Amino acid sequence: MSRIGQAPIPVPSGVDVAIAGDVVTVKGSKGTLERRLPDPITIREDGGVLLVERPDDLRKSRALHGLTRSLVANMVLGVSEGFAKNLDIVGVGYRANAKSPRRLELALGFSHPVVVEAPEGITFECPTPTNIVVSGIDKEIVGQVAADIRKWRPPEPYKGKGIRYRDEHVIRKAGKAGK
């Protein structure tokens, strides 16, 4: 039995969950998320918790059991608290500027500024010129937008310059002169 899949998902107060066939809709203070469940997996609400169940022990059902539970738990957490990814910019002259909550302008050493437009439900914030906070209610989209921003200048191993996640450790190389 899947340890992740069989764990119940607590539904906090202020979050409404609607189950219609194979579609789960979660509404909270921050917004609404909807997801279609994979074919053999079912979900039911039982006294303030959600239970994800599988009909059999086939390989596909076992694989989708824990995945579906994690996706639904992230939906519940997203509409109640939201998700955020912190990015740090390292490098002389590299900086970020949030022109609006949905538009980010980056100076990354190119001959032109890089402009990033946020998809629906994502907001940008720049507490300092070298720090970017990507936030939203959908964990998958927040992570993808942060990865797309990081892709413009991934951290290089010699000086460590580039865009990195806040908790990312960049392994440095010695370079030519190092022995």
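The values are calculated or read from the model by the stated rules, or taken from the named source; none is laboratory data. Treat the numbers as computed from the prediction; the structure is a model and nothing was measured. Neighbour counts are summed over all protein chains in view; Cβ atoms, including those assigned to glycine, are modelled from backbone coordinates with ideal geometry. For the accessible areas, the whole protein counts, side chains as well, though only heavy atoms, and no ligand, DNA or RNA atoms are used. Shrake-Rupley method; radii C 1.70, N 1.55, O 1.52, S 1.80 Å.
Structure data summary
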item: Distant alpha-carbon pairs in the chain (separation over 26 angstrom), percent; result: 46
item: 10 Å Cβ shell holding at most 16 others, DSSP loop, chymotrypsin sites (Phe, Trp or Tyr not before Pro): longest site-free stretch of the chain; result: 1-109
item: Gained length - ALA107 relative to TYR158, 0.36 nm times residue gap less alpha-carbon distance; result: 16.3 nm
item: Residue-normalised accessible area of the chain, expressed per residue, 1.4 Å probe, Å²; result: 60
item: Lysine-lysine proximity count for the chain, Cα under 25 Å, sequence distance 8 or more or distinct chains; result: 24
item: Residue order for ARG36, ARG62, ARG3 - accessible surface, 1.4 angstrom probe, largest first; result: ARG3, ARG36, ARG62
item: Ranked packing of 114-123, 70-79, most packed first, by mean Cβ within 10 Å; result: 70-79, 114-123
item: Cα point-scatterer Debye curve for region 121-179, base-10 log of I(q)/I(0) at q = 0.12, 0.26, 0.28 Å⁻¹; result: -0.37, -1.13, -1.22
item: Pairwise FRET efficiency - GLU81 versus GLU53, Cβ, R0 = 25 Å, nearest 0.05; result: 0.45
item: Accessible surface, 1.4 Å probe, highest first, among residues ILE171, ILE132; result: ILE171, ILE132
item: Accessible area of ASP167 in the full protein assembly, 1.4 Å probe (Å², nearest 10); result: 140
item: Solvent-accessible ranking of LYS99, LYS161, largest area first, probe 1.4 Å; result: LYS99, LYS161
item: Backbone HN-Hα couplings from phi across region 147-164 [Karplus 6.51/-1.76/1.60, Hz, Gly and Pro as x]; result: 5, 5, 5, 4, 5, 5, 8, x, x, 9, x, 8, 10, x, 6, x, 9, 9
item: ³J(HN,Hα), Karplus 6.51/-1.76/1.60, whole Hz, each residue of region 112-117, x for Gly, Pro; result: 9, x, 9, 9, 10, 9
